[in-house]
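Derivation of every value follows stated rules applied to the coordinates shown; laboratory data play no part. Fair warning: this is a prediction, and the values are worked out from it, not measured in the lab. Neighbour counts are summed over all protein chains in view; Cβ atoms, including those assigned to glycine, are modelled from backbone coordinates with ideal geometry.
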Amino acid sequence: MIKRISGIAALVFCLTFSLVSCEGQKKEEAALQKQAAELLPTNGVYILVHDGHGQNRPDNYVQVEVLLEGDDKQVANILVSSPPENTQTNCSLQTTAQKVTPTHYQTKLHGVEVNFFFEKGMLTIDTVNEGDRGVLQQYCAEGASLYGNYKLIGEN
C-alpha cells in the first residue's frame, strides 16, 4: 500500500513538474517571439533622430515611409520626404530595397550600395563603405544627408 501511494505521489510530482516546465517553456518561447518581432522591419513612418530630436517631430525633420511587400517581405518600398513646413532639411528619395536578412535591406544609389537596417522601432540608413556616404547627400538640399537613425512614429 505504501509503495502504491509512493508511486502515485511520484507520478503526481512528475506530472506537476512537467506542466510547470512546459508552462515556463511556453512563456520563454513567447518572449523570444516578441523579441524577434521587435527586431523585424515594420511598415510605417520613421523620422530622423539627431541632436536629441525625434520625439515630437521637430520643425526640420526628414520622414521615411517604409512599405514591405510580399508574404516574406522580400522588397521594401522606401519613400523619403520632408514636409513643406521644413525649410532647412529638404530631402527626397523614392527607391526599392531588396531583403538581405530579416532586418537588413539593400539598394544601389548611383552605383553605391546603401543599407537599411531595422531594429526595435528604429531604421538606420548608411552606406556599405563609410567613404561613400556622400551619395546620401545627393538626395537632400543645404548639405543635409539621409545618413542616420530614424525612429518609428507610426505603423501603416
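Cross-link list Lys73/Lys120; Lys27/Lys73; Lys27/Lys151: which exceed 25 angstrom alpha carbon to alpha carbon?
In this structure, Lys27/Lys73; Lys27/Lys151 exceed 25 Å between Cα atoms.
So, by mean Cβ neighbours within 10 angstrom, what's the order for 69-80, 116-127 with the highest one leading?
Details: 69-80: 14.3, 116-127: 18.2.
By packing density, highest mean first, the sequence is 116-127, 69-80.
Sum up the charges of everything whose Cβ sits under 15 Å from the Cβ of Gln137, counting Lys and Arg as +1 and Asp and Glu as -1, but leave Gln137 out.
Net charge around Gln137: -3.
Glu65 to Ser92: extension gain in nm, 0.36 nm per residue of separation minus the Cα-Cα distance?
Going from the current span to full extension adds 8.6 nm.
Take the Cβ-Cβ distance between His110 and Lys27 as r, set R0 to 41 Å, and report the resulting FRET efficiency rounded to the nearest 0.05. Don't jump to the answer; show the numbers that get you there.
Numbers: r = 49 Å, r/R0 = 1.19.
The computed FRET efficiency comes out at 0.25.
Count the net charge of all other residues whose Cβ sits under 13 Å from the Cβ of Leu67, scoring Lys and Arg as +1 and Asp and Glu as -1.
It works out to a net charge of -2.
Starting from 0.36 nm per residue, how many nanometres of slack lie between Glu142 and Gln74 once their C-alpha separation is accounted for? Mind dumping the intermediate values first?
On the way: separation 68, 0.36 × 68 = 24.48 nm, distance 3.36 nm.
So the extension gain works out to 21.1 nm.
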